[in-house]
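Below: one structure, written as structure tokens.
The values are calculated or read from the model by the stated rules, or taken from the named source; none is laboratory data. As the structure is a prediction and not an experimental result, all values here were calculated from the model. Every residue, glycine among them, receives a Cβ derived from its backbone with ideal geometry; neighbour counts consider all protein chains shown. Just so you know, the surface numbers come from the protein's heavy atoms only, side chains and all, with ligands and any DNA or RNA stripped out. Shrake-Rupley method; radii C 1.70, N 1.55, O 1.52, S 1.80 Å.
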Amino acid sequence: MATKIVIIDDHQLFREGVKRILEFEPTFDVAAEGDDGNEALALVEEHHPDVVLMDINMPEINGVEATRQLVQKYPGTKVIILSIHDDESYVNHALKTGAMGYLLKEMDSDALVDAVKVVAEGGSYLHPKVTHNLVQEYRRLANSHNNGGFQQVEVRRPLHLLTRRECEVLQMLADGKSNRGIGESLYISEKTVKNHVSNILQKMNVNDRTQAVVTAIKNGWVEVR
């Protein structure tokens, strides 16, 4: 079955660009689009989408408040926030209100498609740059708890679980690199990177890249840098 999507953004040109990218994916169905939080509520009630792409900054009802209301009224609808802000406070606030994804508007088309697929399947998705910032916040908190003397334990690559190449890819996920960035660093295609990421998620028994990074940090499998 197709993944039904509603796009809410008050910038028509950006909204049309997102719609055009999504319509290239045969399993996606862009059911409707709107330009404010009030319209989001009405469109979800009318179309019952699987995923809503929601701009964070809109007049009247902003994206975060609209997300809170949507999740309360339609818990089966999953929301991905679209934002220009990579600050942790924005991300945390959006996730606390029930969003399952957070994408920066500087995203590439692959990240957009991946995010919709992951969230539609019940996972969560954070833009790679946001993941990197959360890793940095983890490092800052660890540093403050140790009175400025943060020392990461020796990194133990999970070679019992992943191949050496997959360990390299996992580290780059923690560094906040996109699929394209990983491919350029390792001189491999984006398709090969996607295959590696898929294998990593399966072997680590996690649903998405963010969970993989969090698990890797907790187990000391990646450097926090």
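Just to verify a number: FRET efficiency for N199 and D29, C-beta to C-beta distance, R0 = 25 Å, to 0.05?
E between N199 and D29, to the nearest 0.05, is 0.30.
May I ask you to derive the FRET efficiency for S109 and N207 from their Cβ-Cβ distance with R0 = 25 Å, giving the value to the nearest 0.05?
Using R0 = 25 Å, I get an efficiency of 0.70.
Output the Kirkwood hydrodynamic radius of the range 70-112, Cα pairs only, in Å rounded to one decimal.
After inverting the mean inverse Cα-Cα distance, the result is 11.1 Å.
Given V119, V91, H132, which one lies farthest toward the positive end of the charge dipole of the range 57-137, if we put +1 on the Cβ of every Lys and Arg and -1 on the Cβ of every Asp and Glu?
V119
Give the residue list of GluC sites (Glu not before Pro) in the range 1-84 that are DSSP loop and have at most 13 other beta-carbon atoms within 10 angstrom.
Here the sparse-neighbourhood loop sites are E60.
Taking only protein heavy atoms and a 1.4 Å probe, what accessible area per residue, in Å², does the chain have with all protein chains in place?
Accessible area per residue: 51 Å².
Using only alpha carbon pairs under 8 Å that are at least six residues apart, calculate the relative contact order of the range 26-119 and give it in whole percent.
The normalised contact order for the range 26-119 reaches 24 percent.
Once the mean 1/r over all distinct Cα pairs of the range 164-217 is inverted, what Kirkwood radius in angstroms do you read off?
One over the average 1/r among Cα pairs gives 10.8 Å for the range 164-217.
With loop defined by DSSP as not H, G, I, E or B, and exposure as at most 11 other Cβ atoms within 10 Å, which is the longest segment of the chain clear of exposed chymotrypsin sites (Phe, Trp or Tyr not before Pro)?
Longest stretch, sites excluded: 25-186.
Given bins 5 angstrom wide, list per bin the percent of all Cα-Cα distances in the chain, short to long.
For the chain, the binned pair fractions read 1, 7, 14, 18, 18, 15, 12, 8, 5, 2, 0, 0 percent.
When the helices in the chain are scored as -39500 (n - 2.57) per DSSP H run of 4 or longer and the sum is shared across all residues, what 222 nm value do you end up with, to the nearest 500 deg cm²/dmol?
So the helix-based figure for the chain works out to -16000 deg cm²/dmol.
Pairs of alpha-carbon atoms within less than 8 angstrom and 6+ residues apart define the contacts here; what relative contact order does the chain have, in percent?
It comes to 15 percent, rounded to a whole number.
Rounded if a/c is under 1.5, else prolate if a/b is larger than b/c, else oblate: which is the range 1-133, with a ≥ b ≥ c the root eigenvalues of its Cα gyration tensor?
Rounded is the answer for the range 1-133, as its axis ratio a/c remains below 1.5.
What part of the accessible area of the chain, given as a whole %, is carbon or sulfur when the probe is 1.4 angstrom?
Carbon and sulfur: 48 percent of the exposed surface of the chain.
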